[in-house]
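S.K.: Quick one: this structure, given as structure tokens, is what I'll be asking you about.
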Amino acid sequence: MQQDAAKRGLDVHVVSRPPARSLAEAAGLLGVEPREIIKSLVVKHKDGSFFFALIPGDRVISWPKLRSLLGVNKLSMPHSDVAFAATGYERGTITPLGSSTPWPVYADLGMEPGRICIGAGAHGHSAFVDSTALIAALDATVADISDPEPESRPSS
């Protein structure tokens, strides 16, 4: 991951952190807001190829928006072993940097400019990088591909 970042001229700072059971817990451990953690999701295209969708931690992927953007009627999240085969990274550590295959990247319009946190390719580690520099280095397509995280409903 760091070699790929260096080749792209990207300044990435990798930190160690204790295991987290949720994105919110990881944000607390890292001292950031959930929206500053960017989820790197591997998505399978209907043609069998893959791409990365970068989504802020307080948002969820919008399948209708993503399908419309790509002009397809079917996209899916691959099983974890398929995602590993496509990227070389285990789920929870995935990053487009250093992926075993350099798949296209789509970054959500909701990613704020400035310092963000992404997967670092290994459990117990996170990487801090400037979002604008990351988008440019990955030649990412920026589009509205997410929706707000649904609020959890109180049980009655």
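S.K.: Please find, among GLY88, GLY114, the residue that is in contact (Cβ under 8 Å) with a residue 12 or more places away in the chain and either open to solvent by less than 20 Å² (accessible area, probe 1.4 Å) or in contact with a helix residue (DSSP H, G or I) (Cβ under 9 Å, 6 or more places away or on another chain) (or both). I'd like the intermediate steps shown before the answer.
M.R.: Values: GLY88 fails: either open to solvent by less than 20 Å² (accessible area, probe 1.4 Å) or in contact with a helix residue (DSSP H, G or I) (Cβ under 9 Å, 6 or more places away or on another chain) (or both).
Criteria check complete, one pass: GLY114.
S.K.: Still on this model: Select, from SER22, SER62, the only residue that is touching a residue at least 12 places away in the same chain (Cβ under 8 Å) and not charged (D, E, K, R). Steps first, please.
M.R.: Numbers: SER22 fails: touching a residue at least 12 places away in the same chain (Cβ under 8 Å).
Checking each option against the conditions leaves just SER62.
S.K.: Right, another one. Restricting the search to segment 112-151, which residues are touching a Pro at 6+ places or on another chain (Cβ under 6 Å) and part of a loop (DSSP other than H, G, I, E, B)?
M.R.: Selection gives LEU138 alone.
S.K.: Continuing with the same structure: Among ALA133, ALA127, which is touching a His at 6+ places or on another chain (Cβ under 9 Å) and within 19 Å of GLN3 (Cα to Cα)?
M.R.: Answer to the selection: ALA127.
S.K.: Taking segment 26-53, which residues are in contact (Cβ under 8 Å) with a residue 12 or more places away in the chain, open to solvent by less than 60 Å² (accessible area, probe 1.4 Å) and either on the phi > 0 side of the Ramachandran plot or in contact with an Asp or Glu (Cβ under 7 Å, 6 or more places away or on another chain) (or both)?
M.R.: Once the filter is applied, which keeps residues that are in contact (Cβ under 8 Å) with a residue 12 or more places away in the chain, open to solvent by less than 60 Å² (accessible area, probe 1.4 Å) and either on the phi > 0 side of the Ramachandran plot or in contact with an Asp or Glu (Cβ under 7 Å, 6 or more places away or on another chain) (or both), segment 26-53 yields ALA27, PRO34.
S.K.: Hey, another quick one. How many residues are open to solvent by less than 60 Å² (accessible area, probe 1.4 Å) and either without any contact (Cβ under 8 Å) to a residue 24 or more places away in the chain or farther than 13 Å from GLU36 by Cα (or both) when one looks only at segment 117-140?
M.R.: Of all residues in segment 117-140, those open to solvent by less than 60 Å² (accessible area, probe 1.4 Å) come to 117-122, 124, 126-129, 131, 133-135, 137-138, 140.
Then drop every residue that is not either without any contact (Cβ under 8 Å) to a residue 24 or more places away in the chain or farther than 13 Å from GLU36 by Cα (or both), which leaves 120-122, 124, 133-135, 137-138, 140.
Qualifying residue count, segment 117-140: 10.
S.K.: Any chance segment 13-25 includes a residue that's under 15 Å from the mean Cα position of the chain (by Cα), open to solvent by 70 Å² or more (accessible area, probe 1.4 Å) and not polar (S, T, N, Q)?
M.R.: Among the residues of segment 13-25, not one is under 15 Å from the mean Cα position of the chain (by Cα), open to solvent by 70 Å² or more (accessible area, probe 1.4 Å) and not polar (S, T, N, Q), which makes the answer no.
The values are calculated or read from the model by the stated rules, or taken from the named source; none is laboratory data. Small disclaimer: the values here were computed from a predicted structure and weren't measured. Every residue, glycine as well, gets a Cβ built from its backbone with ideal geometry; the counts of neighbours run over all protein chains shown. We work out accessible area using only protein heavy atoms, side chains counted, and drop any ligands, DNA or RNA first. Shrake-Rupley method; radii C 1.70, N 1.55, O 1.52, S 1.80 Å.
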